[in-house]
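Take a look at the structure below.
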Amino acid sequence: MGSRHAVPLRLLLVLLPLLPFITTCTTDPASLAVPNRVGSLQSHFVANLLTNPGFEAGGQDWQNASAPGRAVDNLRIHDGAAAERITASALQEFAVFQERSVIAESSYTASGWITTEGLDGAHAVLEVLWLTGSGLSDSIPSAELIGSDQVGQLEGTTDWTFVSRSVTVPAGAAVARFQLRLELEPDDVGTAWFDDDTLSGPEALDDTPPTVMITSPQAGSTIEGIVTITASATDEGPVAGVQFQVNGVNLGSEITSPPYQIDLDTHTLSNGPADLTAAARDTAGNDTVSAPVQVTVFNQPRLPMNIVLILTDDQRASTMAQMPLTMSLIGNPGVRFVNAFATTPLCCPARATILTGLYTHNHNVRSNAPPYGAPAFADGSTIATWLQAAGYRTALIGKYMNMYDKKTPWPYQPPGWSYWSAFKVPNYYSYRLVENRKEVVYGSTTADYSTKVIARKAVAFIDSTPPSQPLLLHFAPFAPHEPATPASSDQTLFSTLAKWRPPAFNEADVSDKPLWIQRLPLLTSTQIKTQDAFRLKQLRSLAAVDRGVRDIVNALIRTGRMSNTAIVFASDNGLSWGEHRWRFKDCVYDECIRIPFLVLAPGIAPRVDSSFVALTDLAPTFAEWAGVSPPVSVNGVSLVGLLANPDRPWRQELLIEVLEHAEKNANEGLFSGVRTHRYAYAEHTTGEVELYDMKVDPSQLTNIAGDPANAGVIAQLSSLVASLKSQ
């Protein structure tokens with residue numbers, strides 16, 4: 001089934017007066033043909049004109065979509081951007097509909113997707129009504145209802161269900177009304193959603209094929225890497241779809257809505273000339289093929305991508321302004337994802353997610369503390385083992401996981417890592433690194449500062465890797481994790497920086513928050529001073545990381561790798577700096593879950609991107625860059641296609657979960673929730689629920705879960721959480 005943009009009800013959408021109750025429409029076609037019922041229908045129109053002159057349209061031109069009991073719903077959808085929702089109670093019949101002209105005695109196929117909830121003793125009906133004509137919005141319609149065809153009906157509670165039926169237009173009919181109607185018996189309450197409609201068949205007066213042409217790339221141009229092919233297509237009626245072709249072979253799936261474009265990985269073609277064409281069809285079945293555009297494919301032999309992951313510890317997304325080198329080398333020339341999240345905002349679970357591409361409920365490293373942490377991590381299948389098997393030289397330098405020092409046999413080195421230099425227990429001074437199964441002790445001198453030490457090791461790894469061998473470098477400094485000790489040269493940085501006082505800082509009224517937040521006392525003046533000092537220490541500790549990024553990039557340039565290297569800069573989680581009285585992580589609020597996320601990769605244009613990305617996406621992205629497939633299913637999605645084309649379809653929500661914790665009392669603050677562009681929603685194990693409208697309340701000051709008006713939103717988000725948790 002195509003999207004709602006692909007197959008709208010075609011050719012003619014005639015506006016009618018608002019019809020909140022369709023009491024004369026039954027599922028019996030014979031009853032609809034009785035002439036005296038038409039007069040009743042017209043009388044009903046007259047009554048509605050007194051209070052509802054004209055029409056209110058919503059969604060994709062659905063009539064009645066804004067009438068009582070009906071709404072455009074952008075959360076519960078099958079495809080596209082929105083669905084139509086009808087909710088009714090007692091003895092009511094509500095409908096949403098569209099109209100189009102048809103040819104009498106011709107055959108059509110009517111189909112659509114329906115989902116229902118709570119329709120006990122009631123049903124939702126998808127049907128086609130045949131009319132002799134159609135009225136205007138400001139006059140009594142002259143249409144005579146001459147019959148109907150029922151496509152399908154549902155009762156109870158169902159998932160999205162596809163219904164379809166071939167129908168024949170009766171003699172005398174000129175207009176088809178395609179509608180979803182909800183019928184309920186007394187005292188029942190139920191809801192139905194309708195999406196992806198089509199009434200396909202003959203198109204009157206349309207025997208002209210569409211006009212289509214390739215607009216990019218230009219004829220005679222040379223293309224390489226990933227190229228976006230774009231076409232324009234027009235017709236006297238709707239264009240049903242455009243199919244791109246390379247050398248006469250279909251490329252991907254048909255594009256059913258503008259913009260008509262598709263990404264071509266030219267590495268899948270041989271170097272030399274190639275013909276690009278686009279085939280367009282309209283809804284009447286006419287089709288045409290564009291004139292070919294000849295281009296020349298030329299790619300240098302592609303080596304596997306070098307991959308560098310720079311992962312900080314407890315770094316907020318708001319701190320990148322204090323890392324000018326990183327921004328100038330990665331953020332500004334790369335892609336800055338401003339909606340990037342840790343799906344579990346806690347160190348060890350997040351790091352297991354990075355290595356596997358799995359949600360916490362799947363890799364089961366739920367906390368930093370026993371029985372979780374590194375000993376609970378199944379490390380036999382990670383990005384390290386996948387890429388090492390593909391010929392990569394791999395290195396982890398810095399922090400691995402909490403409780404790493406409890407792994408056995410000790411000193412432990414996980415599989416897949418060619419070079420290993422990991423903190424036994426992370427610190428800035430006086431620490432031990434396990435270097436290829438040997439413990440090496442570092443002291444408290446300036447030269448022992450850990451960020452500086454591991455940056456030197458990262459540079460040495462790049463320098464020592466054979467030029468012909470691809471590398472994976474996981475550089476993981478301890479900064480800016482507490483105690484956030486800055487290097488001696490950085491101890492006075494940012495002294496004039498304004499204090500951190502966002503609206504949620506030391507939130508005065510937390511009565512709408514879960515009980516564990518309500519129990520937090522207001523921060524005292526002493527605690528606020530301590531928090532202010534800690535914030536400065538965190539920012540200062542990042543200065544050495546900033547220089548380490550510079551040194552790593554310089555090493556990649558010096559060794560000739562930079563043009564074939566992808567660099568990702570991210571953090572394992574965010575951190576609250578006193579917002580909502582909280583000063584740690586593992587919470588549902590944006591301060592905890594939002595992270596910095598920068599990507600620099602060859603051939604990718606710089607931009608700021610608002611797509612929802614997460615740490616789950618790193619493992620499948622690295623696998624695609626390396627040309628391998630993860631040997632197991634993952635929850636993340638490769639970012640490679642999104643990086644190349646920001647307009648490609650992408651997720652609209654992310655699961656957020658904290659299943660164990662390190663900072664709170666047992667059973668407090670544990671939750672599963674979902675983050676969408678509009679809402680932040682969490683279901684706590686205590687039974688408490690949080691809902692924030694991020695459009696009007698980005699600081700998450702007002703929990704609106706208790707407002708009865710939001711019951712429908714909560715039901716949909718709760719269903720979405722259950723669906724994501726089942727993955």
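Scanning region 175-209 for residues being at pLDDT 70 or above and within 29 Å of Ala233 (Cα to Cα) gives a total of 14. Considering region 133-174, and only residues there that are in a strand (DSSP E or B) and more than 30 Å from Ile77 (Cβ to Cβ), the residue that is modelled with the highest pLDDT turns out to be Thr168.
Among the residues of this structure, Leu433 counts as one that is more than 33 Å from the chain's Cα centre (by Cα) and surrounded by 19 or more Cβ atoms within 10 Å (Cβ to Cβ).
From Gly687, Gly669, grab the single residue that is touching a Cys at 6+ places or on another chain (Cβ under 9 Å), assigned to a loop (DSSP other than H, G, I, E, B) and not basic (Lys, Arg).
Numbers: Gly687 fails: touching a Cys at 6+ places or on another chain (Cβ under 9 Å).
Every option except Gly669 fails the conditions.
Looking at this structure, is Ala479 surrounded by fewer than 19 Cβ atoms within 10 Å (Cβ to Cβ) and in the same structural domain as Gly391 (by TED's automatic domain parsing)?
No: the conditions fail for Ala479.
Inspection of region 504-523 finds a residue satisfying the criterion of being over 23 Å from Thr312 (Cα atoms), more than 35 Å from the chain's Cα centre (by Cα) and surrounded by 15 or more Cβ atoms within 10 Å (Cβ to Cβ). Checking each residue in region 259-285 for being surrounded by 13 or more Cβ atoms within 10 Å (Cβ to Cβ), part of a loop (DSSP other than H, G, I, E, B) and small (Gly, Ala, Ser) picks out Ala284, Gly285. Listed by first and then second residue, the pairs with beta-carbon distance under 6 Å, at least 6 apart or on different chains, first residue in region 453-467 and outside any loop (DSSP other than H, G, I, E, B), second among the small types (Gly, Ala, Ser), are Ile454/Gly398; Ala455/Gly548; Lys457/Ser421; Val459/Ala555; Phe461/Ala395; Ile462/Ala555.
Applying the set (1) out of contact with any helix residue (DSSP H, G or I) (no Cβ under 7 Å at 6 or more places or on another chain); (2) outside any helix (DSSP H, G or I); (3) on the phi < 0 side of the Ramachandran plot to Val674 leaves exactly one unmet item: (1). Summed over region 387-422, the residues that are within 26 Å of Thr621 (Cα to Cα), out of contact with any helix residue (DSSP H, G or I) (no Cβ under 6 Å at 6 or more places or on another chain) and either without any contact (Cβ under 8 Å) to a residue 40 or more places away in the chain or outside any loop (DSSP other than H, G, I, E, B) (or both) give a count of 9.
Name every residue in region 404-451 that is β-branched (Val, Ile, Thr) and in contact with a strand residue (DSSP E or B) (Cβ under 6 Å, 6 or more places away or on another chain), in order of residue number. Break it down into steps so the answer makes sense when it comes.
Initial filter on region 404-451 (β-branched (Val, Ile, Thr)): 408, 425, 434, 440-441, 445-446, 451.
Once the filter is applied, which keeps residues that are β-branched (Val, Ile, Thr) and in contact with a strand residue (DSSP E or B) (Cβ under 6 Å, 6 or more places away or on another chain), region 404-451 yields Val434, Val440, Val441.
Has region 224-231 got any residue that is modelled with pLDDT of 95 or more, out of contact with any Leu (no Cβ under 6 Å at 6 or more places or on another chain), not β-branched (Val, Ile, Thr) and not in a loop (DSSP other than H, G, I, E, B)? Yes; the residues of region 224-231 include at least one that is modelled with pLDDT of 95 or more, out of contact with any Leu (no Cβ under 6 Å at 6 or more places or on another chain), not β-branched (Val, Ile, Thr) and not in a loop (DSSP other than H, G, I, E, B).
In the list Lys457, Lys452, which residue meets the criterion of being more than 27 Å from Thr356 (Cα to Cα) and either at pLDDT below 95 or within 38 Å of the chain's Cα centre (by Cα) (or both)?
Lys452
Leu346 falls short on exactly one of the conditions (1) under 21 Å from Gly548 (Cα atoms); (2) in contact (Cβ under 8 Å) with a residue 40 or more places away in the chain; (3) within 26 Å of the chain's Cα centre (by Cα), and that condition is (1).
Being assigned to a helix (DSSP H, G or I) and among the charged types (D, E, K, R) holds for only one residue in Lys499, Lys537, Lys513, and it is Lys537.
Just need a number here: residues in region 591-628 that are among the charged types (D, E, K, R), closer than 30 Å to Arg519 by Cβ and either surrounded by 23 or more Cβ atoms within 10 Å (Cβ to Cβ) or over 21 Å from the mean Cα position of the chain (by Cα) (or both). So that I can check it myself, show each step before the final result.
The first filter runs over region 591-628 and keeps only residues among the charged types (D, E, K, R), leaving 591, 594, 607, 609, 617, 624.
Checking which are closer than 30 Å to Arg519 by Cβ leaves us with 591, 594.
From what is left, the residues that are either surrounded by 23 or more Cβ atoms within 10 Å (Cβ to Cβ) or over 21 Å from the mean Cα position of the chain (by Cα) (or both) are 591.
Residues that pass the stated criteria total 1.
Of all residues in region 580-600, none are among the charged types (D, E, K, R), in contact with an Asp or Glu (Cβ under 6 Å, 6 or more places away or on another chain) and part of a strand (DSSP E or B).
Identify all residues within region 155-192 that are of a type outside the set (Asp, Glu), crowded, with 19+ Cβ neighbours inside 10 Å and within 19 Å of Arg70 (Cβ to Cβ); write none if there are none. Scanning region 155-192 gives Arg177, Phe178, Gln179, Leu180, Arg181, Leu182, Leu184, Gly190, Thr191, Ala192. In a residue-by-residue description of region 701-708, the property of being surrounded by fewer than 22 Cβ atoms within 10 Å (Cβ to Cβ) and of a type in the set (D, E, K, R) applies to at least one position.
The residue that is surrounded by the fewest Cβ atoms within 10 Å (Cβ to Cβ), among those in region 219-241 that are among the small types (Gly, Ala, Ser) and farther than 17 Å from Gln261 by Cα, is Gly220.
For every residue, the table says whether it meets (1) outside the structural domain of Gly669 (by TED's automatic domain parsing); (2) of a type in the set (A, V, I, L, M, F, W, C); (3) surrounded by fewer than 24 Cβ atoms within 10 Å (Cβ to Cβ).
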{"residue": "Pro324", "(1), (2), (3)": "no, no, yes"}
{"residue": "Thr343", "(1), (2), (3)": "no, no, no"}
{"residue": "Thr353", "(1), (2), (3)": "no, no, no"}
{"residue": "Thr360", "(1), (2), (3)": "no, no, no"}
{"residue": "His363", "(1), (2), (3)": "no, no, yes"}
{"residue": "Asn368", "(1), (2), (3)": "no, no, yes"}
{"residue": "Ala384", "(1), (2), (3)": "no, yes, yes"}
{"residue": "Pro409", "(1), (2), (3)": "no, no, yes"}
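When Thr702 is tested against (1) assigned to a helix (DSSP H, G or I); (2) over 18 Å from the mean Cα position of the chain (by Cα), exactly one condition is not met: (1).
Residue count for region 516-534 under the criterion of being part of a helix (DSSP H, G or I) and of a type in the set (A, V, I, L, M): the result is 3.
Filtering region 238-258 to residues that are over 22 Å from the mean Cα position of the chain (by Cα) and either without any contact (Cβ under 8 Å) to a residue 24 or more places away in the chain or assigned to a strand (DSSP E or B) (or both) leaves Val239, Ala240, Gly241, Val242, Gln243, Phe244, Gln245, Val246, Val249, Asn250, Leu251, Glu254. So in region 678-700, with the set limited to residues that are within 28 Å of Glu660 (Cβ to Cβ) and hydrophobic (A, V, I, L, M, F, W, C), which one is surrounded by the fewest Cβ atoms within 10 Å (Cβ to Cβ)? So the residue we want is Met694.
Select from region 286-323 the residues that are closer than 19 Å to Ile595 by Cβ and part of a strand (DSSP E or B) and list them in ascending order. Walk me through it before giving the result.
First, pick out the residues of region 286-323 that are closer than 19 Å to Ile595 by Cβ: 307-323.
The answer is Ile307, Val308, Leu309, Ile310, Leu311, Thr312.
The values are calculated or read from the model by the stated rules, or taken from the named source; none is laboratory data. Bear in mind the structure is a predicted one, so any value in this text is a computation, not a measurement. Backbone-built Cβ (ideal geometry, glycine too); neighbour counts: all protein chains shown.
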